[in-house]
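Laboratory data are not the source of any read-out in this text; all were calculated from the coordinates shown. None of these values were measured; they are calculated from a predicted model. Because the Cβ atoms are built from the backbone with ideal geometry, glycine has one as well, and the counts that use them run over all protein chains shown.
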Amino acid sequence: MGAFFLSIPWFVPILSKVLFGNVVASYLHKRMSLGSRLPQKLVLQFTCTSVLAIGAAWVLDQLVFNSTTAPVVALGVANAWACHAQWKAHAVSLSRTSFFMFGNGALAMLLTTVFLGEVQIVTTTLLMGIILYFGAALLLTREDLRATGTVPEELDPIQARQFYRAVATYTLVWGVANFVVKYLSVEEVPVGTYLSAWYSGSLLGAWILKWRVEGLRFDWELARSDMPRIEVLSIAIIANLASIYWAHWLAPQLVIFPLLLVADLVAPAVVGFVFFKEHRNFSRAQLCFLGIAIIGGILVAFTQT
């Protein structure tokens, strides 16, 4: 089975990640984030994903919990907080959230260069892409934080502050987690072992989060209405992370990550614009900043590949 997956062209798991992680999961995340009781929804989601991951690991004879997987479980606990932050950001703006997803990969690339020695030569194109992206991100952030909320295109000032706190939270957690994915794939930890540890930790973290935010009581009527979407979302999330892990087996980090960055930057924004009409919540200047950031991300991707 391992030989089969290693024989697949490296771009196939990238396409799989875009479909499941950037289109299906983004759409469902936005729909779910607009309701109430987000911690309860996270508990339900991670219950489904942990059952799927542990079941797959058992079938593959990869269900192992030891000192190697302990850091993954710990990161999984932190992942619950990052997911809660991302859902809160999605409730404000899915397309804005995708705009800042570059930060996760940028942090992971920095950690990879420092700790794994995958050094990338800085070229003029790479430097230009980085400047364009971060310059546009700073301009959009400034516009949002200066907004008064008096025109339709602007965020409410309180919303803006909540949004950027959420972005900072998940960027830090997932930047470190993406680096750990690469480190463990280098160490040849089986994908079933990784996923079962990750989602077991995420379920534990979701319960802790629910206890802290909502208490332990469940709204079962709401849970029943949420379950069909949560089941589909859980399958999409498992497929997304498995695709990322699979891609790391087939190509170096500095080939894979730039493409993942562009997918994270572009695809959810398209979903937000098409399905949720979020383009109405951007001024012309902010749409221009978004376009510049996308160009910057693409330049970085072309430089890396």
Original post:
Mean residue ellipticity at 222 nm from the helices of the chain, using -39,500 (n - 2.57) per DSSP H segment of n ≥ 4 over the full residue count, to the nearest 500 deg cm²/dmol?
Top reply: -26500 deg cm²/dmol
Subject >> Order of Thr49, Thr123, Thr69 under a 10 Å beta carbon neighbour criterion, fewest first >> reply: Thr123, Thr69, Thr49
Subject >> Residue order, fewest to most beta carbons within 10 Å, for Trp207, Trp198 >> reply: Trp207, Trp198
Original post:
Each residue of segment 197-213 in order: what ³J(HN,Hα) in whole Hz does its phi give by Karplus 6.51 cos²θ - 1.76 cosθ + 1.60, θ = phi - 60°, with x for Gly and Pro?
Top reply: 5, 4, 7, 5, x, 5, 5, 4, x, 5, 5, 4, 4, 4, 4, 6, 9
**OP:** Take Cys83, Cys288 and order them by how many other Cβ atoms sit within 10 Å, fewest up front.
**Re:** Cys288, Cys83
Original post:
If you plug each phi of segment 11-24 into the Karplus form 6.51 cos²θ - 1.76 cosθ + 1.60 with θ = phi - 60°, what whole-Hz ³J(HN,Hα) values come out, in order, with x for Gly and Pro?
Top reply: 7, 5, x, 5, 4, 5, 5, 4, 4, 7, x, 9, 9, 5
**OP:** Two decimals is fine: what's Rg over Rh for the chain, C-alpha atoms, Kirkwood radius as Rh?
**Re:** 0.96
Original post:
Between segment 1-62 and segment 197-269, what's the alpha-carbon centroid distance in Å?
Top reply: 6 Å
Subject >> Computed E for Leu216/Leu139 - FRET, C-beta separation, R0 35 angstrom, nearest 0.05 >> reply: 0.20
Original post:
Tell me which lysines have Cα within less than 25 Å of Lys30's Cα, excluding those fewer than 8 residues away on the same chain?
Top reply: Lys17, Lys41, Lys88, Lys210, Lys277
Subject >> Computed over the chain: relative contact order in percent, which uses C-alpha pairs under 8 Å that are six or more apart >> reply: 42 percent
Original post:
³J(HN,Hα) across segment 242-251 via Karplus (A = 6.51, B = -1.76, C = 1.60, θ = phi - 60°), whole Hz, x for Gly/Pro?
Top reply: 4, 5, 4, 4, 4, 4, 5, 6, 9, 8
